[in-house]
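Inspection log for the structure reproduced underneath, given as structure tokens.
Nothing in this text is a laboratory measurement; each read-out follows from the coordinates by a stated rule. All values reported here derive from a predicted model rather than from experimental measurement. Using ideal geometry, Cβ is built from the backbone for each residue, glycine included, and neighbour counts are taken over all protein chains shown.
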Amino acid sequence: MNTPVIPVILCGGSGTRLWPASREKKPKQFLKLTSTQSLLQDTVKRALKITGTEAENLVVVTHESQEEMVKSQLSEINIQNAQHILCEPHARNTAAAVAFATEYCAHHFGDDAYLWVLASDHFVGDEDALGKACQLAQEAASEGHLVTFGIKPTRAETGYGYILQGQPLSNPLVYKVDKFVEKPDQETAQSYLEAGTFLWNSGMFLFKVGDVLSQFKNHSPAILSQLTSAITNIDNGQVSPDLYNAIPSEPFDKAVIEKSSDVAVVSCDPEWSDIGSWESLWETLSKDKDGNVIEGPVACAGVQNSMIKAKDRLIAVAGLENIVVIDTGDALLIADKNNGAAIKDVVDSLKKSDNYN
């Protein structure tokens, strides 16, 4: 297909689940967690490689407070990457961000252009598998479908939403979506894993500009109309802060995808993770013979299946398993690696104090 696929990178979020490395002023997408480049930079390079899109056609949606960080990191790869940065004056969730990008792309690339919507802070270990899924998604989108990417589950995960596969479409590797399911409890997640017809919802989407605009009009007209009212200069993607703030705050999934009857899912296994916790980051990284991820000046004895990241001072750990120790110089986290709820609780308590940032 010769019609361009435009990567649209959603680069918002305040980055709280990987505290203290990730902070509101520099959330996880700007950090070098899985390679020598940031998650944002890895996402951009991967998206451009898979789609074959020219660097100057990349679109990024971010909050205006993060514009300079986005511009700097994109320019480190290629100065042309930073030509289409859309800045939200207020965070209004992903439906507003997708609508903003779609209206902008309709003006610059036309209604027949394909948009591949991606989070800026996810990890993909198998680019070839994702590339094959993207090609299948474009074929399904050419038939008018809004396509989501479903990840084949490897465990009974309670932290992700799920997609129930329906009947196959013209390509037997692409399915209609029967339903979307919220994050389940452990017993339900186990039943989904055993059923073999449920996929993790990755939050990646591919569709034609004109098709998603029609779906917005049908299912969330208030979001689209308020967005178009807020745009003051479509050439430069400028919006009125007050009118943009009036856009209903809703996830794209809820506003459009879960209401539409034209949604398809591509099943894939690209070694994907949303890196939503220290545990999931540990899972993606290379480990030593004891299952540990070690960085910086660290001494260990009798330590297994742990992540220990030191900055300037020596950290010595002995006789412990399944822990995470993160030292950023100004803050130190010591936690049970597998107890994400407890880590969330302590971070939530820090948000209410003056010690969070």
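Based on C-alpha pairs under 8 angstrom that are at least 6 apart in sequence, segment 278-351 has a relative contact order of 22 percent. Under the classification rounded if a/c is under 1.5, otherwise prolate if a/b is larger than b/c and oblate if not, where does segment 278-351 fall, given a ≥ b ≥ c as square roots of the Cα gyration tensor eigenvalues? Oblate is the answer for segment 278-351, as a/c is 1.5 or above yet b/c matches or exceeds a/b.
Just need the relative contact order of the chain here, percent rounded to a whole number, with Cα pairs under 8 Å and 6+ apart.
Result for the chain is 19 percent.
The loop-placed GluC sites (Glu not before Pro) in segment 180-276, going by DSSP, that have at most 11 neighbouring Cβ atoms within 10 Å of their Cβ come out as E182. Here the label points at L285 and D235, each 7 Å from Cα along the C-beta direction, are separated by 4.7 nm in the simple model. Pairs over the 19 Å Cα-Cα cut-off, from the set K32/K71; K28/K259; K32/K311; K28/K311; K132/K179: K28/K259; K132/K179. Under 5 Å from the amide H of G150 lie the amide H atoms of V266, S267, C268, each residue being 5 or more positions distant or on a separate chain, with H modelled from the backbone and absent for Pro and chain starts. Fully extending the segment from D242 to K352, taken as 0.36 nm per residue of separation minus the present Cα-Cα distance, adds 36.9 nm.
Note on the chain: dipole from Cβ charges, positive end direction compared against A264, I50, I294; the farthest Cα belongs to I294. Going through [x] 1.22; [y] 1.16; [z] 1.01, the figure that equals Cα Rg over 2.2 N^0.38 Å as computed for the structure here is [z].
Sites count as exposed loop sites when they are trypsin sites (Lys or Arg not before Pro), lie in a DSSP loop, and have at most 10 other Cβ atoms within 10 angstrom; the longest stretch of the chain without one is 1-154.
With a Förster radius of 41 Å applied to the C-beta separation of K26 and S191, the computed FRET efficiency comes to 0.55.
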